[in-house]
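The values are calculated or read from the model by the stated rules, or taken from the named source; none is laboratory data. All of these numbers come straight from a predicted model, not from anything done at the bench. Here Cβ is always computed from backbone atoms with ideal geometry, including for glycine, and neighbour counts include all displayed protein chains. In case anyone asks, the SASA skips ligands and DNA or RNA and just uses the protein heavy atoms, side chains included. Shrake-Rupley method; radii C 1.70, N 1.55, O 1.52, S 1.80 Å.
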Amino acid sequence: KSRRGSWEPGEPAWTPRPIRDSTMASVLRTLRSWPFVTAAGLRLLMLAYGAWQDAYLEVKYTDLDYSVFTDGAELVATGRCPFERPTYRYTPLLALLLTPNIWLHGSFGKLVFSGADLAVGAQVRAILLHRRVPPRLALRCACVWLFNPLVLNVSTRGNFESLVALLV
């Protein structure tokens with residue numbers, strides 16, 4: 001077997017590590033680390049600011065599509081099709097996922113999208129660790145996602161792109 005750093009023809013260039021049972025414990029430890037706790041707090045702060053801006057300023061913080069999602073969720077909650085809303089062009093699963101917007105709280109979906117952002121950051125770190133990237137570098141790469149102002153703004157405004165990133 002070749003030494004680390006050397007490669008010989010016929011050998012695979014990269015050998016994946018086997019997935020262990022402790023992967024979930026590792027993800028939970030990651031989510032409790034200071035960057036993830038800070039990123040979660042920042043998202044909660046932005047959600048609070050968004051609620052204030054929506055209530056008191058003329059220009060709304062909430063994405064216009066979020067009201068379309070919520071209308072679709074309301075239709076699903078009453079047993080109807082979300083496509084009865086003229087501009088609803090998303091998967092019906094999104095309307096189903098956001099039905100708690102109707103009976104729990106109107107910002108439920110924004111919390112889901114923000115949680116998906118955090119999960120993407122954890123996924124970035126886990127994938128890089130799986131590929132044997134040094135832990136500090138893997139965490140820094142996750143922080144690029146977690147503290148990216150565009151990502152932070154998009155999810156807290158109510159856009160579902162973080163769910164797309166999580167599922168890809």
Mean separation of Cα contacts under 8 Å (6+ apart) over length of region 57-168, as relative contact order %: 28 percent
Expected sort for 133-145, 107-119 on mean C-beta neighbours within 10 Å, highest first, is 107-119, 133-145
Simple spin-label model, 7 Å along Cα-to-Cβ: Thr91 to Tyr49 in nm? 3.1 nm
Surface per residue (accessible, 1.4 Å probe) for region 72-168, Å²: 55 Å²
Region 61-75 and region 105-168 have their Cα centres apart by a whole-number Å value of 22 Å
Residue-by-residue Karplus 3J(HN,Hα) for region 82-98, coefficients 6.51, -1.76, 1.60, Hz, glycine and proline x: x, 6, 5, 6, x, 9, 6, 10, 10, 5, x, 5, 5, 4, 5, 4, 9
Report the extension gain between Phe147 and Arg80 in nm, rounded to one decimal, defined as 0.36 nm multiplied by the number of residues separating them, less their alpha carbon distance. 20.3 nm
At a Förster distance of 25 Å, what's the computed FRET efficiency of Val59 paired with Val164, Cβ-Cβ distance as r, to 0.05? 0.45
